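Chemist: I'd like to ask you about the structure that follows.
The values are calculated or read from the model by the stated rules, or taken from the named source; none is laboratory data. Source: prediction; values computed, not measured. No Cβ is skipped: glycine too gets one built from the backbone with ideal geometry, and neighbour counts run over all protein chains shown. These area figures cover heavy atoms from the full protein model, side chains too; ligands, DNA and RNA do not enter into them. Shrake-Rupley method; radii C 1.70, N 1.55, O 1.52, S 1.80 Å.
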Amino acid sequence: MQIAEINGFSNRLKEIVECDLPSSLKDIRLASLMSDMEQVYQIPTISKRLREAFENKHPEVMELYKRVSMARSFE
């Protein structure tokens with residue numbers, strides 16, 4: 001995991017959260033950010049056991065991934 005990649009995703013999150021768009025559009029962008037993180041870091045999305053193992057190995061990635069998820073409005 002490169003610090004620059006994580007910082008890039010973190011900056012995307014900050015830009016999305018702070019932008020002046022309706023929450024529905026922010027949610028689309030946040031979902032896209034989550035998908036990008038899943039692809040880059042190969043985050044398991046189905047198996048809870050695999051996801052927990054990934055989280056134990058890469059806590060900094062999962063912390064950011066959870067922040068992105070929590071930023072969504074789910075309206």
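Chemist: Under a GNM of the chain (C-alpha, springs under 10 Å), which listed residue has the highest mean-square fluctuation: Ser35, Ser47, Ser23?
Modeler: Ser47
Chemist: Which of (i) 1.10; (ii) 2.85; (iii) 1.38 is the computed Cα Rg over 2.2 N^0.38 Å for the structure on display?
Modeler: (i)
Chemist: Considering only lysines 8 or more places apart in sequence, or on different chains, count the pairs in the chain whose C-alpha atoms sit under 21 Å apart.
Modeler: Going through the chain pair by pair, I get 6.
Chemist: Same structure, new question: Leaving out ligands, DNA and RNA, what percent of the accessible area of the chain is carbon and sulfur, probe 1.4 Å?
Modeler: Roughly 53 percent, rounded to a whole number.
Chemist: Oh, and also: With the cut-off at 1.5 for a/c, could you classify the range 35-75 from its C-alpha gyration tensor as rounded, prolate or oblate?
Modeler: The shape class here is prolate.
Chemist: Still on this structure: Taking K and R as +1 and D and E as -1, what net charge do the other residues with C-beta under 11 Å from the C-beta of Cys19 add up to?
Modeler: +1
Chemist: Which residues in the range 53-75 place their backbone N less than 17 Å from a point set 7 Å from the Cα of Ser24 along the Cα-to-Cβ direction?
Modeler: Once the point is set 7 Å along Cα→Cβ of Ser24, 72-75 turn out to lie under 17 Å by backbone N, inside the range 53-75.
Chemist: Would you mind checking the tilt of helix 59-71 against the longest principal axis of the Cα atoms of the chain, expressed as 0 to 90 degrees and rounded to 10?
Modeler: That helix lies at roughly 30 degrees to the long axis.
Chemist: May I pose another question? Can you give the helix-only mean residue ellipticity at 222 nm for the chain, where every DSSP H stretch with n ≥ 4 adds -39500 (n - 2.57) and the sum goes over all residues, rounded to the nearest 500 deg cm²/dmol?
Modeler: Calculated mean residue ellipticity at 222 nm is -25000 deg cm²/dmol.
Chemist: About the Cα centre of the range 19-75, what is the dipole size in debye to 20, counting +1 per Lys and Arg Cβ and -1 per Asp and Glu Cβ, all else neutral?
Modeler: It comes to approximately 180 debye.
Chemist: Hey, what's the chain come to in accessible area per residue, 1.4 Å probe, Å²?
Modeler: 69 Å²
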